[in-house]
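Let me begin by presenting the structure, written as structure tokens, before commenting on it.
The values are calculated or read from the model by the stated rules, or taken from the named source; none is laboratory data. The shown structure was predicted, so the numbers you read here are calculated from the model rather than taken from an experiment. Using ideal geometry, Cβ is built from the backbone for each residue, glycine included, and neighbour counts are taken over all protein chains shown.
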Amino acid sequence: MFVEKEVSRRTVYEGRIVNVRQDVAELVNGRQVSREVVEHPGGVCIVPVDQDGNCYLVRQFRYPFMQSLLEFPAGKLERGEDPLQCAIRELSEETGLQAGSVTPLGRMYPSPGFLDEVIHLYLAQDLTHGEAHPDENEFLSVEKHSMEALCEMIAANQLADAKTIVGFFKAKQYLGL
């Protein structure tokens, strides 16, 4: 197994959501290389599926891409926050849905070449509807789609969010569909 050893670490930017550091790492062959790392507190993504096999997603504007994207409810972990509690909170805030059962589906690393973010994935079932209450500066709409429609959207690149695609296929596999 190949392991790189940290030689030095220097924070070059501290932000509200991410920090950026410049590291020097030693490779197996003894050479030293530069590594840029974006530090992120992590997040959650929750896949709400009703008894008819429909999924609830949110559409919201994503500034880096200057377009609205369709995604499963998701959010950033607060420091020390339990991922399950964060998932339940985000589901309620963004969709108004409450889940009778929540099943962990594992985790994913969105871009491990430079980002240390871990996204925890969950399946929400036995859903009941309520009022959404998004954050003050969060503007989104809730959409319901069948699993078949989502498969087609993924294949047609109409749904391109990585956490949503991974969560969808993990939920589909878990449900035996």
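For region 99-111, indicate whether the set of residues that are surrounded by 13 or more Cβ atoms within 10 Å (Cβ to Cβ), more than 17 Å from the chain's Cα centre (by Cα) and without any contact (Cβ under 8 Å) to a residue 60 or more places away in the chain is non-empty.
Within region 99-111 (the criterion being surrounded by 13 or more Cβ atoms within 10 Å (Cβ to Cβ), more than 17 Å from the chain's Cα centre (by Cα) and without any contact (Cβ under 8 Å) to a residue 60 or more places away in the chain), the answer is yes, since at least one residue qualifies.
Looking at (1) touching a residue at least 24 places away in the same chain (Cβ under 8 Å); (2) surrounded by 14 or more Cβ atoms within 10 Å (Cβ to Cβ); (3) out of contact with any Lys or Arg (no Cβ under 7 Å at 6 or more places or on another chain); (4) among the β-branched types (Val, Ile, Thr), which is the one condition that is false for residue 24?
Condition not satisfied by residue 24: (1).
Six or more apart or on different chains, Cβ atoms under 8 Å: show the pairs whose first residue is in region 68-80 and closer than 15 Å to residue 120 by Cα and modelled with pLDDT of 95 or more and whose second is loosely packed, with under 14 Cβ neighbours inside 10 Å and among the aliphatic types (A, V, I, L, M).
Going by the 8 Å Cβ cut-off, the qualifying pairs are 76/17.
When you check residue 121 against the structure, is it within 15 Å of residue 60 (Cα to Cα) and either outside any helix (DSSP H, G or I) or outside the structural domain of residue 103 (by TED's automatic domain parsing) (or both), yes or no?
The answer is no for residue 121.
Every residue in region 1-23 that is part of a strand (DSSP E or B), touching an Asp or Glu at 6+ places or on another chain (Cβ under 8 Å) and hydrophobic (A, V, I, L, M, F, W, C), please.
Selection gives 7, 20.
Look at residue 113 and say whether it is within 28 Å of residue 39 (Cα to Cα) and of a type outside the set (D, E, K, R).
For residue 113, the condition - within 28 Å of residue 39 (Cα to Cα) and of a type outside the set (D, E, K, R) - is met.
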